[in-house]
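> Below you'll find the structure I mean.
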Amino acid sequence: MKKFGMDSPGKKLGVIGLGGLGHMAVKFGVAFGLQVTVISRSDSKRAEALGVLGAHKFLNSSDETNLAAAAGTLDFLVDTVPAPKDINAYLSLLGVDGVMVMVAIPEKNLEVYMTIPPHELGS
């Protein structure tokens, strides 16, 4: 995290996934003085993220409205989920010059896919 400047107090960090690596990213982020947002598909992780680990916010990534409301609000993302995902949903959370670091990859091939809205494809 230090290598990518994720140790500047007051900056905003999003942590995708709350497993072993996610726990560590949250703990380091809080220790560095970052405003930490945990991003998970499961609301069952909310209490642990906010209460036990000290994260400041929680976003359910299954709720597109929630994600849209948080667009452009983060300086950094740490992706700890070893699964294919629509990267657009997460990249949209970053502000200008935001940094996303992937620290987990799937056992098989790394598959990152992007959904391009039809209106952006042109005619």
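Laboratory data are not the source of any read-out in this text; all were calculated from the coordinates shown. No experiment lies behind these values; they were computed from the predicted model shown. Note: ideal-geometry Cβ built from the backbone for every residue, glycine included; neighbour counts use all protein chains shown.
> Using a cut-off of under 20 Å, list every residue of region 88-104 whose amide N is near the label point 7 Å from the Cα of S62 along the Cα-to-beta-carbon line.
Taking a point 7 Å out along Cα→Cβ of S62, the residues of region 88-104 whose backbone N falls under 20 Å are 88-90.
> When the chain is fully extended, how far beyond the present Cα-Cα distance does M102 get from K3, taking 0.36 nm per residue of separation?
34.3 nm
> Assigning unit charges at the beta carbon (Lys, Arg +1; Asp, Glu -1) and nothing else, what dipole magnitude in debye, to the nearest 20, does the chain show about its Cα centre?
Magnitude of the dipole: close to 420 debye.
> Classify region 17-78 as rounded, prolate or oblate, taking a ≥ b ≥ c as the square roots of the eigenvalues of its Cα gyration tensor: rounded when a/c is under 1.5, otherwise prolate if a/b is larger than b/c and oblate if not. Please list the in-between numbers first.
Numbers: a/c = 1.88, a/b = 1.26, b/c = 1.49.
Taking the square roots of the gyration eigenvalues as a ≥ b ≥ c, region 17-78 is oblate.
> Using the per-residue mean of other Cβ atoms lying within 10 Å as a proxy for protection, in what order, highest first, do the peptides 43-55, 10-22 fall? Mind dumping the intermediate values first?
Numbers: 43-55: 15.6, 10-22: 21.2.
Top to bottom by mean Cβ count within 10 Å: 10-22, 43-55.
> Using only the alpha-carbon atoms of the chain as identical scatterers, what base-10 log of I(q)/I(0) does the Debye formula give at q = 0.13, 0.14, 0.18, 0.19 Å⁻¹?
-0.49, -0.57, -0.93, -1.03
> Using modelled backbone amide H atoms (1.01 Å from N, in-plane), which distant-in-sequence or interchain residues come within less than 5 Å of M102's amide H?
Amide H neighbours of M102, under 5 Å, 5+ apart: D79.
> Any of K11/K108; K57/K108; K11/K85; K27/K57; K85/K108 with alpha carbons more than 23 Å apart? Name them for me.
K11/K108; K57/K108; K11/K85
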